[in-house]
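Undergrad: Below are the structure tokens for one structure; questions will follow.
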Amino acid sequence: MSAAFDDELVHAIADVISTEARAFSNVRRAGLDYWTPNINPYKDPRWGRGSETPGEDPFRIKGYVKALIDGLQGSTNITKVVATCKHYAAYDLENWHDIERYQFDAIVTMQDLVEYYLPPFQQCARDSKVKSFMCSYNSVNGTPACASTYLMETVLRDFWEWTDENQYVTSDCNAVWNINADHNYTETAAQSAAVSLNAGTDTICEVSPNTDVIGAWDQTLLKRPVIDQALRRLYEGLIRAGYFDAAEGNPYRSLAWKDVNTTAAQELALRSAVDAIVLKKNNGALPLHDINASLALIGFWAGPTAPRNHVMLGGYAGMPSVYHTPLNAAQALGFKTAVSTGPINETASDEDTWTAAALETANESDIIVYFGGIDMSVESEGLDRDAIAWPDAQLSLIEKLCALGKPCIVVELGDQNDDTPLLSNGNVSAVIWAGFPGQDGGTAVFDILTGKSAPAGRLPTTVYPAGYVNQVPMTDMTLRPSSSSPGRTYKWYNESVLPFGFGLHYTTFNASFSEGGIPNKEYAIEDILAGCTLRYLDLCEFDPLNISVKNTGNVTSDFVALAFLSGEYGPTPYPIKQLAAYTRLKGIKVGEAVEAKLSIKLGELARIDENGNTVLYPGKYQVLLDVPTQDQIEFELTGNQKTLIEFPQPPQDLGEGNGHEEL
């Protein structure tokens, strides 16, 4: 969904989710507290839960988070549902080379922490006033996250002013028990309960009874005010959500089964899948025009004969009322189809039970559509990847199928793999990435394949070469390139197979900056700030970017406008570029030129110094439009640098400083 770069779409989906959640709650089939969204920035392609997140860019995640939380929690005085921003903080490892998330200590510099790992959570707490946070399994700089006074009190509550009585922190499940069992930070479960509750955790999730709150109380490790405060926050959250209200006093209590699985919701599910599909390669084979052509649908998720029938849903998905496979979609359009399954994560040395049947199916058809990629058996919660290459058996099958001399299209499920063999193989006609497209994934894919909808999605993550996994360990939390790391994300790594923000179209666009506005203009930093009256200076608006996008091809299409900042200002090393603004322009007709304004806030102009402070620096700023860059302008900030946010520093004992040493 994040690949659509459409925050209006994100808000609409969240509104439907919260409406249906309320309807379920009204018949006692659900609660009002939901553990979503997962907003940890996705910096390492091996992470098993990366597909749950909005991607690798903190600025993109902030926009996604704002739209999602507004849609989930609603805009009235009554909380529609309680959203929970997770996993706080610096969590992006499951189980890599026997290092588990339960024991992992993420060593993070202040610069990386504030620049990369915390911005989505700042959006949640300070700006979107989310009702709940979840602290993570890992430690951060020596202290388990659920026991970190620095993270939960100094930063979250004091600095970000997340202090409403109805806002509370929950632990991840068994994360408090892990404090003694895996981190060895305390000796007993009672001590773990004490340090977590004293540090600001309000409710503890446990998979089995292993959290000794009673023991902590009996041993006088917990004071009554701490217990009272946690309970008050939890009950206040229920009160604000109208849990105790009479039906006539709560507008959400009238929601019922009629509001679940509506036609509008079904249409939105399809739209969210279609709009997020990314076209990676196309030699002209797409869109398909011949409805009389016969199709070979091959691969592990092509149809109901697949070994895993619901792989399109991804992780943490309920059972939908419909599930439209590629086979369903092709048949509904009247295509003559033949289906054959394929491998998932098998190697070339495994017994081959698929190639002969697949080649027979392909030989009998006019066009080959291969449905491959990876599913949740390859990556998921608790399961990181070691390799990011396409599985050997799949590549072998694709090469044989596409060598038959027929149009050969690859549709990729799941997370990113190194697409180099597909992009460089002239027999592969087209490659599209569908992610986990959900209940209408098959229909969405065929909407794109047939040209009913034109692809306009953009990659929310970098596609790395397979060898990247040998260049940096997952445990390395640094972003910038060094002697031990080639760098992470598009900001610091420039050897991608396909870059963040990449996406082809069925048409061509000419995107450019319009006349006037900021090009070649000088701005005095002092003057910029003199006009800012907001409490948080990073939220003050800079002059907007005026752009023009013309459809120069022959297909009506959406266009995602991405604007990046680059330049040699602030601390070294300088990022290659960083996203500063985006919008999705919809339905641009052939020959039509659309004008748009992209807003930029001062926080996006600023850089983070070594102490984690957000600073506006003088210098020449380049603005790059689109991926790859179609147009570029420059402006200059003059005068003295100005600190927009002075970030609180952790105590020298790495964030303990709350009596933990007494335990």
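The values are calculated or read from the model by the stated rules, or taken from the named source; none is laboratory data. None of the values given here were measured: they were computed from a predicted structure. Virtual Cβ from ideal backbone geometry, glycine too; neighbours counted across all protein chains shown. Side chains included, ligands, DNA and RNA excluded: accessible areas come from the protein's heavy atoms. Shrake-Rupley method; radii C 1.70, N 1.55, O 1.52, S 1.80 Å.
Undergrad: Over the range 13-116, give the accessible area per residue in Å² for a 1.4 Å probe, as an integer. Don't jump to the answer; show the numbers that get you there.
TA: Values: 3270 Å² over 104 residues.
Per residue, the range 13-116 has an accessible area of 31 Å².
Undergrad: Consider the candidate values (i) 65; (ii) 53; (iii) 62; state which one is percent of Cα pairs over 32 Å apart computed from the structure displayed.
TA: Structure-derived value, by its label: (ii).
Undergrad: Within the range 341-357, which residues have the backbone N less than 18 Å from the label spot 7 Å out from ALA387 along Cα→beta-carbon, could you tell me?
TA: 342-355
Undergrad: Determine the percent antiparallel among the DSSP beta bridges restricted to the chain, to the nearest 5. Display every interim value, and only then the final one.
TA: Numbers: 48 of 86 bridges.
In the chain, DSSP labels about 55 percent of beta bridges as antiparallel.
Undergrad: Given a 1.4 Å probe, how much area per residue of the range 419-535 is accessible, in Å²?
TA: On the way: 4400 Å² over 117 residues.
About 38 Å² of surface per residue is accessible.
Undergrad: Given a cut-off of 18 Å, what percent of all Cα-Cα pairs of the range 100-164 lie beyond it?
TA: On the way: 729 of 2080 pairs.
I get 35 percent for the Cα pairs in the range 100-164 exceeding 18 Å.
Undergrad: Additional query: Roughly how many Å is it from the Cα centre of the range 175-210 to that of the range 565-588, as a whole number?
TA: Between the Cα centre of the range 175-210 and that of the range 565-588, the gap is 41 Å.
Undergrad: Here is a further query. Rank these by accessible area, largest first, 1.4 Å probe: TYR185, TYR117.
TA: Values: TYR185 50, TYR117 5 Å².
Largest accessible area first, the list is TYR185, TYR117.
Undergrad: If you line up the Cα atoms of the range 97-222 on their principal axes, what length do they span on each, largest first, in Å?
TA: Sorted from largest, the Cα extents of the range 97-222 read 40, 38, 22 Å.
Undergrad: At 1.4 Å probe size, put TYR235, TYR42 in order of accessible surface, largest to smallest.
TA: My answer, sorted largest first, is TYR235, TYR42.
Undergrad: Would you work out which of GLY501, TYR523, PRO544 lies farthest towards the positive end of the dipole of the range 457-556, given +1 charges on the beta-carbon of Lys and Arg and -1 on that of Asp and Glu, about the Cα centre?
TA: Value computed over the given set: GLY501.
Undergrad: I've got another one for you. For the peptides 440-453, 247-260, 316-329, what is the packing order when you average, over each peptide's residues, the other Cβ atoms within 10 Å and list the highest mean first?
TA: Details: 440-453: 23.4, 247-260: 14.3, 316-329: 16.9.
By packing density, highest mean first, the sequence is 440-453, 316-329, 247-260.
Undergrad: Need one number: convex hull volume per residue for the range 447-486, Cα atoms only, in Å³. Please report the intermediate quantities before stating the final value.
TA: Working: hull volume 4.2 nm³, N = 40.
Each residue corresponds to 105 Å³ of Cα convex hull volume.
Undergrad: Now, a different point. Hull surface divided by four, with the convex hull built on the Cα atoms of the range 6-59: how many nm²? List each step's numbers first, then the result.
TA: Details: hull surface 18.7 nm².
Averaged projected area of the range 6-59's Cα convex hull equals 4.7 nm².
Undergrad: Sequence neighbours fewer than 8 away in the same chain don't count; with that in mind, list the aspartates and glutamates whose C-alpha is under 14 Å from LYS620.
TA: List returned: GLU522, GLU568, GLU634, GLU636.
Undergrad: How large is the charge dipole for the range 504-610, taken about the Cα centre, if only the Cβ atoms of Lys, Arg (+1) and Asp, Glu (-1) carry charge, to the nearest 20 debye?
TA: Values: 10 positive and 14 negative charges, 116 e Å.
That gives a dipole near 560 debye.
Undergrad: Continuing with this model, one more query. Please list log₁₀ I(q)/I(0) at q = 0.12, 0.13, 0.23, 0.24 Å⁻¹ for the range 286-369, using the Debye equation with identical point scatterers on the alpha-carbon positions.
TA: At q = 0.12, 0.13, 0.23, 0.24 Å⁻¹ the computed log10 ratios are -0.41, -0.47, -1.12, -1.17.
Undergrad: For the range 356-465, build the charge dipole from Cβ charges (+1 Lys, Arg; -1 Asp, Glu) around the Cα centre, then report which of ALA456, TYR370, PHE436 sits farthest towards its positive end.
TA: Final value for the positive-end residue is ALA456.
Undergrad: Can you send over the carbon and sulfur percentage of the accessible area for the chain, probe radius 1.4 Å, protein chains only? All intermediate terms of the calculation are to be shown ahead of the outcome.
TA: Numbers: 12440 of 25680 Å².
Carbon and sulfur: 48 percent of the exposed surface of the chain.
Undergrad: Straight-line reach from LYS400: which lysines have a Cα under 26 Å away, not including same-chain ones fewer than 8 places off?
TA: LYS280, LYS281, LYS336
Undergrad: In addition: With label points built 7 Å along Cα→Cβ from the Cα atoms of ASP366 and ASN77, find their separation and express it in nm.
TA: In this crude spin-label approximation the distance works out to 6.4 nm.
Undergrad: How much of the DSSP bridge set in the range 1-142 is antiparallel, in percent, rounded to the nearest 5?
TA: Values: 2 of 10 bridges.
DSSP beta bridges in the range 1-142 are roughly 20 percent antiparallel.
Undergrad: Now for a separate question. Compute the separation of the alpha-carbon centres of the range 459-507 and the range 415-435 and state it in Å as a whole number.
TA: Using only Cα atoms to place each centre, the spacing works out to 17 Å.
Undergrad: Same structure again: Can you compute the radius of gyration and Dmax for the range 445-563, using only the Cα atoms, both in Å?
TA: 20.1, 54
Undergrad: PRE reach from ILE99 (point 7 Å along Cα→Cβ): which of the range 160-185 fall under 17 Å by backbone N?
TA: 182-184
Undergrad: Among VAL155, ASN210, HIS324, whose Cα sits farthest toward the positive end of the charge dipole of the chain (+1 at Cβ of Lys/Arg, -1 at Cβ of Asp/Glu, about the Cα centre)?
TA: Going by the Cα projections, it comes out as HIS324.
Undergrad: How long is the gain from PHE244 to ASP352 if the chain were fully straight, where each residue apart is worth 0.36 nm and the alpha carbon distance is subtracted? Can you show the working numbers first?
TA: Numbers: separation 108, 0.36 × 108 = 38.88 nm, distance 5.97 nm.
Separation in residues times 0.36 nm, less the Cα-Cα distance, equals 32.9 nm.
Undergrad: Between THR475 and GLU526, with labels modelled 7 Å along Cα→Cβ, what's the label distance in nm to one decimal, could you check?
TA: 5.1 nm
Undergrad: Another question about this same structure. Separation of the range 49-67 and the range 335-409 by C-alpha centroid, Å?
TA: Distance between centres, Cα-based: 30 Å.
Undergrad: How high is the relative contact order of the chain, in percent, counting Cα pairs under 8 Å that sit 6 or more residues apart?
TA: Values: 1524 pairs, mean separation 93.1, N = 663.
RCO, the chain: 14 percent.
Undergrad: With the cut-off at 29 Å, tell me which of the pairs LYS129/LYS550; LYS491/LYS521; LYS43/LYS601 have Cα atoms farther apart than that.
TA: On the way: LYS129/LYS550 39 Å; LYS491/LYS521 25 Å; LYS43/LYS601 24 Å.
Where the Cα-Cα span goes over 29 Å, the pairs concerned are LYS129/LYS550.
Undergrad: Relative to the Cα centre, what is the charge dipole magnitude of the range 49-123, using +1 at the beta carbon of each Lys and Arg, -1 at the beta carbon of each Asp and Glu, and rounding to the nearest 20 debye? Walk me through the numbers on the way to the answer.
TA: Numbers: 7 positive and 11 negative charges, 106 e Å.
For this selection, approximately 500 debye.
Undergrad: Equivalent-ellipsoid semi-axes (√(5λ), Cα gyration tensor) for the range 182-322, whole Å, largest first?
TA: Working: eigenvalues 501, 136, 39 Å².
Largest first, the range 182-322 gives 50, 26, 14 Å.
Undergrad: Residue-wise, which Karplus ³J(HN,Hα) couplings in Hz belong to the range 479-486, taking 6.51 cos²θ - 1.76 cosθ + 1.60, θ = phi - 60°, and x for glycine or proline?
TA: 9, 6, x, 7, 5, 10, 8, x
Undergrad: Output ³J(HN,Hα) for the range 334-349: one whole-Hz value per residue in order, computed from phi by the Karplus curve 6.51 cos²θ - 1.76 cosθ + 1.60 with θ = phi - 60°, and x for Gly and Pro.
TA: These are the phi-based 3J(HN,Hα) values: x, 5, 7, 10, 9, 10, 8, 7, x, x, 10, 10, 5, 9, 5, 8 Hz.
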